[in-house]
Structure formats: C-alpha cells, structure tokens
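Chemist: The structure follows.
The values are calculated or read from the model by the stated rules, or taken from the named source; none is laboratory data. On a predicted model such as this, the values are computed, not experimentally measured, just so you know. Here Cβ is always computed from backbone atoms with ideal geometry, including for glycine, and neighbour counts include all displayed protein chains. The area values use the complete protein model at the heavy-atom level, side chains included, leaving out ligands, DNA and RNA. Shrake-Rupley method; radii C 1.70, N 1.55, O 1.52, S 1.80 Å.
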Amino acid sequence: MGFLDGLWRGRESEFDSGSAATNSIQLTKRHSQVSLTKQGAATGNLRVNLSWRMRTSDISGAQRESLLRHPFKALKPPEVVGHSQSMVNVDLDLGCLYELQDGTRGVVQPLGGFLGDVNAPPYVKLSGDDRFGSASGETIYINLDHRDAIKRLLLFAYIYDQTPAFDRTHAVVTLYPSNGPRIEIGLDERHPQARSCAVVMIENVKDEIIVRREVKFVYGFQGELDRLYGWGLQWGRGHKSKAER
C-alpha cells in the first residue's frame, strides 16, 4: 500500500448566515483554524476539492513590451506559445491520511486504488482522479454524520510523476461544509522542488470538529508526510493502474 517512500471576508457574526456561493473563509498563517462544530457545520458530507491551473506568466512567455516603444505591436495578432512538456503533464493528486477513534489508520488516494467509503469506515471517499486540473478538480467526501468515529484526517496533495511545480500550479484546496461558507487554503508558497504538501488537518477535539491549515511542503511523498505527522504506516513503491491514469 502506498507510494515512494481564515481570514474570512466579513464579520465573524455573519458566519452562520453565510452562503458557500457568496462568502468564504481563507485560512492563513495568522488565521489558521475554524471550528465546524461552533458554526453548526459538523454534519452531513463535507466536500473537499483540489483544483489547479498553470499561472498565466508561465504560459504567456516574456513580459508584454511597451506599446509606446513598439506602437505597431498592437496591430499584430498574439503569438501562440505552446506549453512545455512539464506544464502539460503536471498531475496533482488529492489524498487523505485517516485515523479513527478505534485506532484504525490508513490512506485514501488515487494511487493503488484506495478510494475509501463514505458510508462505512473510514467515512472518507475519493471521487475520481483528475489528471489535468479541470474545473471540477479532484474531490474527497467526508461523512461528518460519523464524526464520533473520526479522530483525525490529514488532507494532502502531491505531484504524482512529473516535474515538481507546486509554485506554478496555482493550486487551491476548498472545503464545502453542509452549512455556511466554503473554506479555502491556497498552496501559493514558493517551494519549487517540493513534491507533496500537507494541506489541512481535520480533528475531533473533545467532540469538536476543528479544521486547521497546515500547508507544509516536503520533498518526498506520502512516507515523508507520515513521518512528519506520526501516522506509522508502511509505505512501498507504487504505480497508478491504467484505469487510474
């Protein structure tokens, strides 16, 4: 099993009446956590989405030249610049390390086909594997109706098999609770050689569901995240099947 080794825009009092379509909580270093329980959002399915796209500056090439110096440039059609191989093939995956109250530990991820189950332990399920960062991205569902069975969940992202490019993917992990605003965590720190990132921890602390920003980049894969957070799983080399690719 496995692989190679908020700051909310608005007043706090408005949270309860917030809409996921209009408001968001942005978890930052300074405002790093939020309680779903206190906001009445610790029930139903919590949807976690990873989306990404290449930064415009990486695609468009050199900076735009001044039209004062080159006035006829405005009359020329824009040059079509092809993507490099590394840009096209960047493949971000979303995964989740889980620990239940009974001590059960494991991982939900595309690699190896560990897709989980939303209605049975671990109450975490991965829906699909998006290799190209489409609008839908990759999504994990967490059944918080079984929150009493959950101890902690670490949601992470990793670049499966291409050039490390976290600093160019403009990746965002968004949590959509059953009630209230969405919660956003941007992976916008510059770690050009990192292959994995621990994004957010969801913990059951004295019957309170806490969402805490992590955003810790590592240069290895799941095994390194495991050691960082003390999960204690055994990891080996793995590959995606054709279906998963």
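Chemist: Give the relative contact order (percent, whole number) for region 183-222; include only Cα pairs under 8 Å separated by 6+ residues.
Modeler: 43 percent
Chemist: Just to confirm a number: summing +1 for Lys and Arg and -1 for Asp and Glu over residues other than Tyr176 whose beta-carbon lies under 12 angstrom from that of Tyr176, what do you get?
Modeler: +1
Chemist: Accessible area of Asp117, 1.4 Å probe, to the nearest 10 Å²?
Modeler: Rounded to the nearest 10, the figure is 60 Å².
Chemist: Which cross-chain or sequence-distant (5 or more) residues have an amide H under 5 Å from the amide H of Gly220, H modelled 1.01 Å from N in plane?
Modeler: Under 5 Å from the amide H of Gly220 lie the amide H atoms of Arg195, Ser196, each far enough along the sequence or on another chain.
Chemist: In whole Hz, with x marking every Gly and Pro, tabulate ³J(HN,Hα) for region 184-191 from phi via Karplus 6.51 cos²θ - 1.76 cosθ + 1.60, θ = phi - 60°.
Modeler: My calculation for region 184-191 gives 10, 10, x, 9, 10, 7, 8, 9 Hz in order.
Chemist: Can you compute 3J(HN,Hα) from phi for each residue in region 29-35, using the Karplus curve 6.51 cos²θ - 1.76 cosθ + 1.60 with θ = phi - 60°, rounded to whole Hz and x for Gly and Pro?
Modeler: In residue order, the calculated couplings are 4, 7, 10, 9, 8, 8, 9 Hz.
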